[in-house]
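Heads up: the structure comes next, in structure tokens.
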Amino acid sequence: MKSMTRTDIRENLNPFAIAQAQLDEAAAELRLDPDMHAFLREPMREFHFTIPVRMDDGSTRVFRGFRVQYNDARGPAKGGIRFHPDETIDTVRALAAWMTWKTAVADIPLGGAKGGVICNPRTLSRNELERLSRGYMRAVARIVGVSQDVPAPDVNTNPQIMAWMIDEYETLMGFREPGVITGKPVPLGGSAGRTPATAMGGIYAIREAANMLDMNLEGATCAVQGFGNVGSYAVKLAAEILGMTVIAVSDEFGGIEKRSGIDYHELSQHQRRTGGIAGFPGSHPINNDDLLTLDVDVLIPAAIENQITSANAAQIRAKIVAEMANGPTTPEADTIMGENGIFIIPDFLCNAGGVIVSYFEMVQNSYQFYWSEYHVNEELDRKMTAAFDAVYKMYSQRGVSMRVAAYLVAVQRVAEAVRLRGWV
Ligand code: GLU
């Protein structure tokens, strides 16, 4: 998402350098053993490969793909696959590290991984997208598995892409193994409630934060950056579950503001009709930067990394920043917002709902018995609330930021598993 002029951004925007710097801060706070620290600073394994895809015009294009298994001490590596033109090995490494901390803070028996392909899915036909998805799975088939590494959707990938991937895997293997991919369509063994799960988990986290801050969310204002899977459900659920008024939404082309409130159903219909959110009746256009700095109670970055930086952090006016995206805030921006008393629900806590329901999906696949959406959400709420409580307790006891607190909880859990295995 091109949201801001980058000319006055001074800090390092390499996501993996940021992920390592965040870990370093937590390691210092924990007085983590230096050997353990060194081990946790690097991915355990990474795979780089090419994916030749036959294009509709008969030519062949070669795409570059990655899968990083950052750490699997606590269980099989877990994490989504992104299709993005700006993908690099360092973005995938960072996202795989964040998955490691995410599964640990959520206390589910999984490790952390991430995959990516450098591509612009908007320029691919549906058939080309299918061949790319199947090609990705052929490249990783030997390194994924229910007990090894379990992919899922992420930016620009979705249940249909997971369906093609699971079909490719099962065709190669010659047996059904639905648990090897999560975020599948429900008829192929997906879980009820998986698609809205990341946003739903974030909504539970906002509810818990508001409780702690003694803040009433009924009628509170909210702005959402991003209208993909996470952002669109955040718009819906912020209103439906928390009673908030969503006054601004953006997608990668720009944003809209409507002070009287934006209805999710009307906006989705408008998007389907026109192909974007621009021109939504009753709204006026704003750019992504203006959206981030609106005077709202809750700001939800739900797009991609590096959106809140030293260039705009001082202008953020929200009381709560609920990071439903991965890595939306740079360390410098973190410091500035902290000094301004903004309560941040850090990404790998706030957006853990997706992988929590992915874990429920694996559980359901393994015993071939499927839960109701009501049951999924009940269990999700329990997990998210427990994760929030653990982090909030650390935050109160140690007097560190919520992000450092989340790292302390997660790193301790991963380090304990590493130590028990005798790796360090
Ligand atoms: N892509 C999601 C995330 O970043 C979900 C990952 C998963 O379910 O494995 O958390």
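Readers should treat all values here as calculations from the given coordinates under stated rules, not as data from a laboratory. Every value quoted in this text rests on a predicted model; they were computed, and no experiment measured them. Heads up, the Cβs are rebuilt from the backbone with ideal geometry, glycines too, and the neighbour counts pull from every protein chain shown.
For the chain, calculate the relative contact order in percent as a whole number, restricting contacts to Cα pairs under 8 Å that are 6 or more residues apart. Don't skip to the answer; put the middle values down first.
Working: 886 pairs, mean separation 73.9, N = 424.
Answer for the chain is 17 percent.
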key: Relative contact order (%) - criterion: Cα under 8 Å, at least six apart; region: region 157-279   = 16 percent
note = proj_area_mean for region 279-319 (convex hull on C-alpha atoms), units nm², value 3.5 nm²
note = Pseudo-spin-label distance Asp389 to Leu172, built 7 Å along Cα→Cβ, given in nm, is 4.2 nm
message = I'd like the trypsin sites (Lys or Arg not before Pro) in region 239-309 restricted to DSSP loop residues with at most 13 other Cβ atoms within 10 Å, sorted by number.
response = Arg259
Backbone HN-Hα couplings from phi across region 298-303 [Karplus 6.51/-1.76/1.60, Hz, Gly and Pro as x] = 10, 10, 10, x, 10, 10
inquiry  = I want to check the label-to-label distance for Ala278 and Asp57. Put each point 7 Å from Cα in the C-beta direction and report it in nm to one decimal.
reply    = 2.6 nm
request  = Kindly list the residues of region 63-103 that lie in the label zone of Arg138, defined by a backbone N under 19 Å from the point 7 Å along the Cα-to-C-beta vector.
outcome  = 63-67
remark   = In region 49-165 the DSSP beta bridges are antiparallel at a rate, in percent to nearest 5, of 60 percent
For the chain: lysine pairs under 18 Å (alpha-carbon distance), excluding those fewer than 8 apart on one chain = 10
task = Multiply the residue gap between Asn12 and Asn211 by 0.36 nm, knock off their C-alpha separation, and tell me the result in nm, one decimal place.
result = 68.2 nm
query = Given the chain, what whole percent of its Cα pairs are spread farther than 38 Å?
reply = 15 percent
